[in-house]
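These notes are about the structure you will find just below.
The values are calculated or read from the model by the stated rules, or taken from the named source; none is laboratory data. Please read all numbers here as calculations on a predicted model, not as lab measurements. Ideal geometry is used to build each Cβ from the backbone, glycine not excepted, and the neighbour counts take in all protein chains shown. The protein model used for the area step is the full one, side chains on, heavy atoms only, and it has no ligands, DNA or RNA in it. Shrake-Rupley method; radii C 1.70, N 1.55, O 1.52, S 1.80 Å.
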Amino acid sequence: MDTVVRQVRRAGDFPFPHQAAFMLDNPIHRKFVNPTGVAQQLALRGDEWVLEIGPGPGIFSVPIAARLPRGHLDLFDVQPEMLDKVRRKLQRAGHRNAGFYSGDASGGLPFPDNTFDVAFLASVIGEVPDKEACIRSLGQVLKPGGRLIFHEIFLDPDRLGIKELRALTEPQGFAFASATGSRWRDIVEFTRTEDA
């Protein structure tokens with residue numbers, strides 16, 4: 001799979017081309033990454049404002065939106081075509097509590113300061129050109145005490161490990177909260193400090 005992903009990436013200018021979304025949005029991949037189980041691990045109360053960076057075709061977006069009956073999900077992706085895919089998927093599932101924004105996560109985020117309770121990135125941060133700028137922007141849009149959660153799978157060629165994530169986020173005003181995982185993935189959580 002790693003070899004296939006690397007070859008597909010060479011075909012486009014984007015981190016993971018929208019033309020190859022079928023590789024992410026298929027029953028085998030969904031079974032492997034278990035989006036419903038991951039969304040459950042986020043332990044959402046249901047009234048949060050959640051930001052998902054790089055949702056791709058939305059394999060995590062639908063189960064996250066389902067856990068926000070009184071909340072809101074904003075999706076931010078560099079590829080408008082990916083946002084179109086996830087928009088259709090959320091509409092088919094009956095979720096109307098989502099916003100869609102396109103841009104480069106290195107160049108700032110189009111949201112007011114202290115907007116979000118949770119930011120979620122699934123196999124994305126390794127593809128962001130300026131990771132530090134992205135984390136600084138997340139520190140601005142997350143509320144004090146807000147949660148920054150990374151989902152990293154071991155087959156991802158751009159995967160960042162726990163040590164690398166800590167080195168990236170802690171200098172930007174985040175405190176390490178927890179790391180859980182399995183042989184195949186890590187879920188690493190940080191909390192935005194008051195003075196970020």
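Given a 1.4 angstrom probe, I'd like the percentage of the accessible area of region 33-192 that is carbon and sulfur, rounded to a whole number. Intermediate results must be reported in sequence, preceding the final value.
Values: 3130 of 6470 Å².
Here carbon and sulfur together make up 48 percent of the probe-accessible area.
Scanning residues 5 or more positions from GLY181 or on other chains, those with amide H under 5 Å from its amide H are ILE187, with H placed 1.01 Å from N in the peptide plane. Applying 0.36 nm per residue to the separation of GLU164 and ASP104 and subtracting their alpha-carbon distance, the gain on full extension is 19.5 nm. Computed from phi, the 3J(HN,Hα) profile of region 34-47 under the Karplus parametrisation 6.51, -1.76, 1.60 (θ = phi - 60°) reads 6, x, 5, x, 5, 4, 5, 5, 5, 6, 6, 7, x, 10 Hz, with x in place of Gly and Pro.
Could you tell me which of rounded, prolate or oblate describes region 33-192, using a ≥ b ≥ c as the square roots of the eigenvalues of the alpha-carbon gyration tensor, with rounded for a/c under 1.5 and, failing that, prolate when a/b is larger than b/c and oblate otherwise? Judged from the Cα gyration tensor, region 33-192 comes out rounded (a/c under 1.5). Each residue of region 147-156 was assigned a 3J(HN,Hα) from its phi angle through the Karplus expression (A = 6.51, B = -1.76, C = 1.60, θ = phi - 60°), giving 9, 10, 10, 10, 10, 10, 9, 5, 7, 6 Hz with x at Gly and Pro. In this structure the amide hydrogen of ALA119, modeled in the peptide plane, comes within under 5 Å of the amide hydrogens of LEU51, ARG147, LEU148, ILE149, none closer than 5 places in sequence on its chain.
Using R0 = 30 Å, the C-beta based FRET efficiency linking ALA175 and GLN40 works out to 0.80.
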